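Here's the structure we're looking at; comments come further down.
The values are calculated or read from the model by the stated rules, or taken from the named source; none is laboratory data. Here the structure is a predicted model, which means the values were calculated and not measured. Cβ atoms come from the backbone with ideal geometry, glycine included; neighbour counts cover every protein chain shown.
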Amino acid sequence: MKKLVISVVLCAALVFSLTACSGKKDAAKKTVAVLIPGPAGYFNATKEGVDRAAKEFGINVVYADAGWDAAKQMSQIEDFIQRKVDLIAVCCVDAKAIESAIPKIREAGVPIIAFTNGIGTAPTGEYPGLVTYVGQNEIDTGEIVGDYAKKLLGSEGGKVIMIEGVPGTTPQINRRAGFLRAIGTQPNIEVIFTGSSEWDKEKAIKITEDLIQSKRQFDLVFAQDAGSGAGAAMALIEAGLRDKVYVLAIDGSKEAMQSVKDGLINSTTWMSAKEEGYRTIEVASRYFKGENLPTVTQLKQILITQDNCNDYEGEF
């Protein structure tokens, strides 16, 4: 009986010890607040990468979705400062509006990483006060597409229409700048029209239909997202003009990759959203370890055509 009592006591002590150790381990974990600008398939894939890295590096992650509301995102940042998280990783709703939050975050002693959408106007994503920016250089991405446009149009050149995203956003501004920089070296290429679909396929269809009905002649469509590219292609098919006009886009979605495979559009670009999420938490882990980090952790887009479309898969 005495042995039984001792055994029970020892077991209870062991359970308490393991629980206490477990509690200490969880308490030692760093907490990273990951701020998403709004609901989108891209960010579902990003979160997969974040979650995988968080598990691998032993980091607690808490999410906040701003619903594409810049003011709401600012409020979320203030809330996480009050909750004393160890680091804030933000994909901003508005690259300009969020700048006012940076001094508050730094004053509170909370390190901050930007990912996907950079803060401010620098095309590299570099910004004073950030641990690092994780993502693409949007000007480089636009330039990749512009170089391919030059290749397709050749020395004879041609007339181009651009269908852009939401005006004033960093992707819209920088993708445009990169594309224009690339085609600017070919004097026979002329941009004859620019319109905004606001990343919406139906609006891109309407823009292209209106251009066709107005008898505008063009040789290539550059759409800043694949949904808009597919919309432009659908309008061209309906008018019997698809085989006369190239359609180039930017986007590595499942729809985009399938559109290239099916020949609906001529090209798109691909970058892993999952890797972007993973790398964001990876660099946070390295920061916690005291490592020196570059001001920019760049991921590069890859041009996707029918030659290599089977080598990559859409993630969202």
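Take segment 99-126 and flag every residue that is touching a residue at least 60 places away in the same chain (Cβ under 8 Å) and over 14 Å from Ala89 (Cα atoms).
Initially, segment 99-126 is screened for residues touching a residue at least 60 places away in the same chain (Cβ under 8 Å), giving 111, 113, 115-117, 124-126.
Passing the criteria: Thr124, Glu126.
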Subset of segment 208-234, residues of a type outside the set (S, T, N, Q) and buried (at least 24 other Cβ atoms within 10 Å of the Cβ), comes to Val221, Phe222, Ala223, Asp225, Ala226, Gly229, Ala230, Gly231, Ala232, Ala233
Residue hits (segment 45-74; within 10 Å of Tyr278 (Cα to Cα) and polar (S, T, N, Q)) are Thr46
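Residues are listed down the side, and each one gets a yes or a no for (1) surrounded by fewer than 22 Cβ atoms within 10 Å (Cβ to Cβ); (2) in the same structural domain as Phe43 (by TED's automatic domain parsing); (3) among the β-branched types (Val, Ile, Thr):
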residue	(1), (2), (3)
Ile105	yes, yes, yes
Ile112	no, yes, yes
Gly118	no, yes, no
Glu126	yes, yes, no
Thr132	no, yes, yes
Val145	no, no, yes
Lys150	yes, no, no
Ser155	yes, no, no
Ile163	no, no, yes
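Can you confirm whether Asp26 is modelled with pLDDT of 95 or more, in a helix (DSSP H, G or I), among the acidic types (Asp, Glu) and more than 17 Å from the chain's Cα centre (by Cα)?
Numbers: modelled with pLDDT of 95 or more: no; in a helix (DSSP H, G or I): yes; among the acidic types (Asp, Glu): yes; more than 17 Å from the chain's Cα centre (by Cα): yes.
So Asp26 fails the test.
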Going through (1) more than 25 Å from Thr170 (Cβ to Cβ); (2) among the small types (Gly, Ala, Ser); (3) not in a helix (DSSP H, G or I) one by one, Ala235 fails only at (3)
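Can you pull out the residues in segment 256-279 that are polar (S, T, N, Q), surrounded by fewer than 21 Cβ atoms within 10 Å (Cβ to Cβ) and outside any helix (DSSP H, G or I)? Outline the logic, then answer.
We begin by selecting, within segment 256-279, every residue polar (S, T, N, Q); these are 258-259, 266-269, 272.
So of that shortlist, the ones also surrounded by fewer than 21 Cβ atoms within 10 Å (Cβ to Cβ) come out as 258, 272.
Ser272 - this is the single residue of segment 256-279 that is polar (S, T, N, Q), surrounded by fewer than 21 Cβ atoms within 10 Å (Cβ to Cβ) and outside any helix (DSSP H, G or I).
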Subset of segment 154-179, residues among the hydrophobic types (A, V, I, L, M, F, W, C) and closer than 23 Å to Ile205 by Cα, comes to Val160, Ile161, Met162, Ile163, Val166, Ile173, Phe179
Those residues of segment 280-316 which are free of Cβ contacts under 8 Å to residues at least 60 places away in the same chain and in a helix (DSSP H, G or I) amount to Arg286, Cys309, Asn310, Asp311
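Would a scan of segment 171-183 turn up a residue that is in a strand (DSSP E or B) and of a type in the set (D, E, K, R)? Show your work before the answer.
Pass one, segment 171-183, residues in a strand (DSSP E or B): none.
No: segment 171-183 contains no residue that is in a strand (DSSP E or B) and of a type in the set (D, E, K, R).
I'd like the full set of residues that are at pLDDT below 95 and assigned to a loop (DSSP other than H, G, I, E, B), limited to segment 157-170.
Those that are at pLDDT below 95 and assigned to a loop (DSSP other than H, G, I, E, B): Gly165, Val166, Pro167, Gly168, Thr169.
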Scanning segment 280-316 for residues that are of a type in the set (Asp, Glu) and surrounded by 18 or more Cβ atoms within 10 Å (Cβ to Cβ) gives Glu282, Glu315
Condition set surrounded by fewer than 21 Cβ atoms within 10 Å (Cβ to Cβ) and of a type in the set (Phe, Trp, Tyr), scope segment 31-65, selection farthest from the chain's Cα centre (by Cα): answer is Phe57
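If you take just the strands (runs of 3 or more DSSP E) that sit entirely in segment 41-146, which of them hold at least 1 residues that are farther than 30 Å from Gly184 by Cβ? Write out each step before concluding.
Numbers: elements: 60-65, 87-90, 112-115, 133-135.
Fully inside segment 41-146 and qualifying: 60-65, 87-90, 112-115.
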Inset, instruction - Answer yes or no: is there a residue in segment 254-263 that is in contact (Cβ under 8 Å) with a residue 60 or more places away in the chain and outside the structural domain of Val131 (by TED's automatic domain parsing). - result: yes
Conditions (1) modelled with pLDDT under 95; (2) under 20 Å from the mean Cα position of the chain (by Cα) -> Asn292 fails only (2)
